[in-house]
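The values are calculated or read from the model by the stated rules, or taken from the named source; none is laboratory data. The structure displayed is predicted, hence computed values, not measured ones. In this analysis, Cβ positions are derived from the backbone assuming ideal geometry, glycine residues included, and neighbour counts consider all displayed protein chains. Surface accessibility is based on the protein's heavy atoms, side chains included, excluding ligands, DNA and RNA. Shrake-Rupley method; radii C 1.70, N 1.55, O 1.52, S 1.80 Å.
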Amino acid sequence: MTAHTPDRPATARPGTPPEIPCPPRRQGPSPERGVFVRPLTRRQVDDRMWELGELYAHTLSSEPAEPGFLGPYRAGADAFRRRLAGHMRRPGFELLVAEAVRPSGATVLTACAYGFPVRGTGPWWQGLDGYLPANLVRVAASGKLFAVAGVLVERRVRTQDLTREWNLARRLQKRLLEDHIGALGVTLVDHLDVDTYEALLAWGWRCPPAEGGGVSRFAPRRLLVLR
């Protein structure tokens, strides 16, 4: 009987210590585990308006949230709450939140996304119509255009695993459109906000083909669509 023994690793010179294999790179768990996405009613949004403003302030910063750190972003949070209160009056308004449960058992708000159908009238339409090519104006007239007015996620979500289907921002925007079968998502992003623009592209958004003269490249915002 011949015993089978594993091959001995080759050594370049006697006395050279054997190579220590590098441990396989471990990928962190998918954010889908332990993070739950659910809709809020208008009343629930009202009840959690302060918390949503704090989330907005936190996502503006690139540093961990610490007591007193978000002070410079308070004014932006207040402006966000006013905008959100206005958007809530739009017919078909929807808001989704992502929540995680900490080891202590406390539930914390980690992200949100919200929007509403575009039907050709309303305050947000007045800022959007100058950017829509003719084919999207027809889509809006048919009730198949959905404005994604905001996706609030922490900076880590904007910079890591952007193309993964379980990326939290991708999950939120996909879920937001699921209830509107055949609807086309549309959003505007400031020209100077390069970080958000690049993140949106990674999350599946695209610039629509220009029709005719198109929107001037000097326009303050860019239009993006999501199918």
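Some values worked out for this structure:
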{"item": "Selection count, segment 162-176, where residues are open to solvent by 60 Å² or more (accessible area, probe 1.4 Å) and touching a residue at least 24 places away in the same chain (Cβ under 8 Å)", "result": "3"}
{"item": "Helices (runs of 4 or more DSSP H) lying entirely in segment 147-214 (those with 1 or more residues that are within 9 Å of the chain's Cα centre (by Cα), at pLDDT 90 or above and of a type in the set (A, V, I, L, M))", "result": "168-178, 194-202"}
{"item": "Hits in segment 112-133 (condition: over 18 Å from ARG227 (Cβ atoms) and assigned to a helix (DSSP H, G or I))", "result": "PRO123, TRP124, TRP125, GLN126, GLY127, ASP129, GLY130"}
{"item": "Residue list for segment 188-211, restricted to those being in contact (Cβ under 8 Å) with a residue 40 or more places away in the chain and farther than 18 Å from LEU162 by Cα", "result": "LEU188, PRO208, PRO209, ALA210, GLU211"}
